[in-house]
Amino acid sequence: WQAAIEAYSAALEASVWQSIRVGDVYYRLGQVYQSAGEHQDIEKALAMYAAALDSDAFSLEAVRADVYYKRGELFTWLGRSPEECIAQFRQALLLDPGHFWAHLRLGQALYQASGEVEPAAFEVRQAIDDWPAAQNRVLPYQILGDIYRDAGMMAEAVAAYEDALQIDPQAEAVLQRLEELGEK
């Protein structure tokens, strides 16, 4: 991780940009600080994401969108208001409507903010629809089930959990939730 931090920092000092833009480098450095084990520093990650947006120089709009997604993710980790998280996830989706993680986290934040099931479930279902076929979709079905369960919509919760089990019959978290609901 330290080598990655040093390499990205050196790239920022070089300030010679062709296909990679300065916003991309700040974004990557933010990712390192966000997930770097013993080097994890959430405040530095947020500062790097802010610098990326301030630079307004990205190689792809998908990178800019992911900066907003990552900010929303960190806001969630820090316990910021659901409205702050929602704003970040919505901005990510304006730039990249197929950002499945942003749809998923937006659904969670919407439910947390208002307790309204349909807008939250709509976003989670959109995440499911956009989820890459090569990736396991258990998590979005589990989250959809959790929203329904928390809203007292047990039949819908069980159906979502069963959809998750169709993908992975050994999904422990899903099996545990069904057991808690008294299902076998």
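The values are calculated or read from the model by the stated rules, or taken from the named source; none is laboratory data. A quick note: this is a predicted structure, and the numbers were derived from the prediction, not measured. Counting neighbours? That spans all protein chains shown, and the Cβs are built from the backbone with ideal geometry, glycine included. Surface accessibility is based on the protein's heavy atoms, side chains included, excluding ligands, DNA and RNA. Shrake-Rupley method; radii C 1.70, N 1.55, O 1.52, S 1.80 Å.
Odds and ends about this structure:
- Filter pass, Gln91 being polar (S, T, N, Q) and surrounded by 13 or more Cβ atoms within 10 Å (Cβ to Cβ): yes
- When the stretch 115-157 is filtered for residues that are more than 23 Å from Leu175 (Cα to Cα), open to solvent by 70 Å² or more (accessible area, probe 1.4 Å) and of a type outside the set (D, E, K, R), only Phe122 remains.
- Residues of the stretch 130-180 that turn out to be more than 19 Å from Ala120 (Cβ to Cβ), within 23 Å of the chain's Cα centre (by Cα) and not in a helix (DSSP H, G or I), as a count: 7
- Unmet criterion (only one of (1) modelled with pLDDT under 95; (2) in contact with a His (Cβ under 8 Å, 6 or more places away or on another chain)) for Arg137: (2)
- Selection status of Arg64, without any contact (Cβ under 8 Å) to a residue 40 or more places away in the chain and buried (at least 22 other Cβ atoms within 10 Å of the Cβ): no
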